[in-house]
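This report refers to the structure that appears directly beneath it.
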Amino acid sequence: MLAWVDDLHAALAADDQLLLHFQPQHRIAGTGTGSVATVVGCEALLRWAHPTRGLLGPGEVLRAAEHGHLSDAVTERVLDLALHAAAGWWADREVPVAVNLSATDLDDELLPHRIADALDRHGLPARALTVEVVEDTLMLDPDRALQTLTALRSIGLRIAVDDYGTGYSSLAYLHRLPIDEVKFDRSLTAGISADPAAAVIVGHSIRLAHDLGLSALAEGIEEPADLELLHRLGCDAVQGWLTGHPLPVHGWVGTLDLGLPLPRS
């Protein structure tokens, strides 16, 4: 692991090793069948172009960052990369970008100020950024999570709970936190059309989310039958390989240029 930490130090010092791919989030539309319409956002997914190990996913980065006490530096880089990219398309397409926060991030009292400074530096409004927090992370220290998320909400950020359905919390409890959206984990939604129990759970959860004033997004969508069922269940948006693979920034901007008209605020 020490070798990974040394490599991550080098990656943070370089300009081209840590990069982002962007996966679209589409609103579900259609009558009687599920289809996707406007792009309503995208998620920034961390990649590491390691000089000897090739293109790596976020797991290796996050493990090395935690071991080497580099989590703050990685978050800083991800925010900068995500907002720099969003600034390139925002004037033409007001598509917000979502960035994941870790438990370490939620313990950082300066995080709201760092994010506000980053938005200002890139000339973007707060609505250009959504922060995503994994459900289990919120449960580690709910009081601290409430404090940090309240501060993030105060600067105008949208907040989503990621991987919902993998932990032991309830939407009724999560609604005590200042959140806007729940993202159903792929363990619940992938193959949902062939899993009646999962369909019941997700359907009830979508209705409860709406009753609590939250939107619902389903991750891991790869099959048209799953998309159609989620449409019937009232899910607001989807993310997955069926509707769009993660792409490097140039490819992602190209899909925006070819996409349907997007809503503007």
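The values are calculated or read from the model by the stated rules, or taken from the named source; none is laboratory data. What you see is a predicted model, and the numbers here were worked out from it, not measured in a lab. All Cβ positions, even for glycine, are placed from backbone atoms using ideal geometry, and neighbour counts span all protein chains on display. Surface areas here come from the heavy atoms of the whole protein model, side chains and all, with no ligands, DNA or RNA. Shrake-Rupley method; radii C 1.70, N 1.55, O 1.52, S 1.80 Å.
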TODO: May I ask you to list the residues in region 149-204 that are among the charged types (D, E, K, R) and open to solvent by 20 Å² or more (accessible area, probe 1.4 Å)?
DONE: ARG153, ARG158, ASP163, ARG176, ASP180, ASP185, ARG186, ASP195
- [ ] Might you let me know whether region 5-12 holds any residue that is surrounded by fewer than 16 Cβ atoms within 10 Å (Cβ to Cβ) and not in a helix (DSSP H, G or I)?
- [x] no
Task: Cβ pairs under 6 Å, 6+ apart, first in region 105-122 and surrounded by 17 or more Cβ atoms within 10 Å (Cβ to Cβ), second β-branched (Val, Ile, Thr) and in a loop (DSSP other than H, G, I, E, B) - done: PRO112/ILE155; ALA116/ILE155
- [ ] Output the residue which, of all residues in region 123-148 that are open to solvent by less than 10 Å² (accessible area, probe 1.4 Å) and of a type in the set (A, V, I, L, M), is nearest to PRO178 (Cα to Cα).
- [x] ALA145
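Give the residue, chosen from THR137, THR130, that is at pLDDT 95 or above and among the hydroxyl-bearing types (Ser, Thr, Tyr).
Just a single option satisfies the conditions, and that option is THR130.
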- [ ] Only residues in region 171-200 that are at pLDDT below 90 count as the first member; pair them with residues that are open to solvent by 30 Å² or more (accessible area, probe 1.4 Å) and outside any helix (DSSP H, G or I), Cβ under 7 angstrom, at least 6 apart or cross-chain, and list the lot.
- [x] LEU171/LEU212; HIS175/LEU212
TODO: Give the residue, chosen from ALA37, ALA85, ALA65, that is among the hydrophobic types (A, V, I, L, M, F, W, C), at pLDDT below 95 and closer than 24 Å to LEU12 by Cβ.
DONE: ALA65
